[in-house]
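The values are calculated or read from the model by the stated rules, or taken from the named source; none is laboratory data. As the structure is a prediction and not an experimental result, all values here were calculated from the model. Every residue, glycine among them, receives a Cβ derived from its backbone with ideal geometry; neighbour counts consider all protein chains shown. These accessible areas exclude ligands, DNA and RNA; they are computed on the full protein's heavy atoms, side chains included. Shrake-Rupley method; radii C 1.70, N 1.55, O 1.52, S 1.80 Å.
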Amino acid sequence: MNRHNRTDKPDWVPPRSVKLLDQVRERVRYRHYSLQTEKAYVYWAKAFGLWAARTQGAFRHPREMGQADVEGFLTMLATEQKVARWRPPRTGKC
């Protein structure tokens with residue numbers, strides 16, 4: 001165990017920032033994820049927000065959205081954008 005993943009560290013701390021994407025960055029950095037992971041999380045959070053604003057006509061904060069909004073976004077990604085979930089490569093024989 002190292003200093004970053006110790007068990008006495010609280011799982012949740014209140015964000016210092018007001019802006020949503022800055023809160024995403026704070027949380028990812030608090031969890032000590034890589035910079036590439038942070039960029040990916042911010043990209044998808046921004047894509048979700050823009051999609052919701054386009055489909056609903058006005059921006060709504062993600063706290064105000066529900067399961068139907070997330071399912072709609074994921075359905076759009078799968079059907080229109082042809083985005084598939086990542087699958088690890090198979091190694092060796094099964």
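At a glance:
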read-out: Within the accessible area of the chain (1.4 Å probe), percent carbon and sulfur; value: 56 percent
read-out: GNM flexibility winner over the chain from ARG31, ARG63, ARG16 (Cα, springs under 10 Å); value: ARG63
read-out: Packing rank of 54-61, 20-27, 43-50, 83-90, where each peptide gets the mean count of other beta carbons within 10 Å, highest leading; value: 20-27, 43-50, 54-61, 83-90
read-out: Gained length - ALA45 relative to THR75, 0.36 nm times residue gap less alpha-carbon distance; value: 9.2 nm
read-out: Relative contact order for the chain, counting Cα pairs under 8 Å that sit 6 or more residues apart, in percent; value: 14 percent
read-out: Placed amide H near ARG31: partners under 5 Å, 5+ positions off or other chain; value: none
read-out: The chain, accessible area per residue, ligands and nucleic acids excluded (1.4 Å, Å²); value: 86 Å²
read-out: For LEU20, net neighbour charge (Lys/Arg +1, Asp/Glu -1) across residues whose Cβ lies under 12 Å away; value: +3
read-out: Virtual spin-label span in nm between LEU35 and TRP86, 7 Å along Cα→Cβ; value: 1.8 nm
read-out: Value of [θ]222 nm, deg cm²/dmol, for the chain, DSSP H segments ≥ 4, -39500 (n - 2.57) each, nearest 500; value: -16000 deg cm²/dmol
read-out: The chain: Cα Rg divided by the 2.2 N^0.38 Å rule of thumb; value: 1.37
